[in-house]
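Below: one structure, written as structure tokens.
The values are calculated or read from the model by the stated rules, or taken from the named source; none is laboratory data. Note that the structure is predicted; figures quoted are calculated from it, not measured. Here the Cβ positions follow ideal geometry from the backbone for every residue, glycine too, while neighbour counts run over all protein chains shown. Each accessible area value is taken on the protein alone, full model and side chains, heavy atoms only, with ligands, DNA and RNA left out. Shrake-Rupley method; radii C 1.70, N 1.55, O 1.52, S 1.80 Å.
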Amino acid sequence: MLRFAVVVSRFNEEITSGLLSGAREYLTEKGISFSDADLFYAPGAFEIPLIAQKLALTKRYSGVIGLGCVIKGDTAHFEFISLGATLGIMQSMLATETPISFGVLTTYTDQQAYDRSRKDSHNKGREAAAACLETAVLLAEIAEKSDG
């Protein structure tokens, strides 16, 4: 049975709550139960990789869906947080051999973030959940073939 954890950034919560809704909706459509016990809040996008890695190491989850939002401001902070979250999630995924999807928006404007977190088929939370599920299924198939 597939089980997924979701790590959501509290920063830019008006955006990340939309991403979370999209991910929940997608998992429900695919018949995968998701409860609040599988939901974890990070202070910001920068902390998502560590929390996701810790969850992956528990081996309770087929994958971890990371959701956050970084919107460009007037300083270089945007670049550092975006790069740190990106590389951190990738490194955590490789270190744990567990799918950790990158559902962290890195936008130049508030409007771009809103557009990507709306309740529609282009919601990036949905896309992150879909990528995590697809990768988990493929890894299970690979493991099955190598065992047989």
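All but one of (1) in contact with a helix residue (DSSP H, G or I) (Cβ under 6 Å, 6 or more places away or on another chain); (2) open to solvent by 10 Å² or more (accessible area, probe 1.4 Å); (3) not polar (S, T, N, Q); (4) not in a helix (DSSP H, G or I) hold for R60; state the number of the condition that does not hold. With (1) in contact with a helix residue (DSSP H, G or I) (Cβ under 6 Å, 6 or more places away or on another chain); (2) open to solvent by 10 Å² or more (accessible area, probe 1.4 Å); (3) not polar (S, T, N, Q); (4) not in a helix (DSSP H, G or I) applied to R60, the lone miss is (1). Would segment 93-115 turn up any residue that is in contact (Cβ under 8 Å) with a residue 60 or more places away in the chain and in a helix (DSSP H, G or I)? The answer is yes, given that some residue of segment 93-115 is in contact (Cβ under 8 Å) with a residue 60 or more places away in the chain and in a helix (DSSP H, G or I).
Counting only residues that are at pLDDT 95 or above and among the charged types (D, E, K, R), segment 30-40 holds 2 of them. Restricting L139, L87 to those that are open to solvent by 50 Å² or more (accessible area, probe 1.4 Å) and farther than 23 Å from F40 by Cα reduces the list to L139.
For (1) among the polar types (S, T, N, Q); (2) at pLDDT below 95; (3) open to solvent by 60 Å² or more (accessible area, probe 1.4 Å); (4) farther than 19 Å from L19 by Cβ, each residue gets a yes or a no:
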residue: I100; (1), (2), (3), (4): no, no, no, no
residue: K124; (1), (2), (3), (4): no, no, yes, no
residue: A128; (1), (2), (3), (4): no, no, no, no
residue: E144; (1), (2), (3), (4): no, yes, yes, yes
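Is it the case that S92 is among the hydroxyl-bearing types (S, T, Y), surrounded by fewer than 23 Cβ atoms within 10 Å (Cβ to Cβ) and either more than 14 Å from S117 (Cβ to Cβ) or modelled with pLDDT under 95 (or both)? No.
Being closer than 24 Å to D120 by Cβ, open to solvent by less than 50 Å² (accessible area, probe 1.4 Å) and touching a residue at least 60 places away in the same chain (Cβ under 8 Å) holds for only one residue in I71, I65, and it is I65. Scan segment 34-57 and give yes if some residue there is open to solvent by 70 Å² or more (accessible area, probe 1.4 Å), touching a residue at least 12 places away in the same chain (Cβ under 8 Å) and hydroxyl-bearing (S, T, Y), otherwise no. So far as segment 34-57 goes, yes, one or more of its residues are open to solvent by 70 Å² or more (accessible area, probe 1.4 Å), touching a residue at least 12 places away in the same chain (Cβ under 8 Å) and hydroxyl-bearing (S, T, Y).
For segment 75-84, indicate whether the set of residues that are among the β-branched types (V, I, T), over 23 Å from E141 (Cα atoms) and part of a helix (DSSP H, G or I) is non-empty. Yes, some residue in segment 75-84 is among the β-branched types (V, I, T), over 23 Å from E141 (Cα atoms) and part of a helix (DSSP H, G or I).
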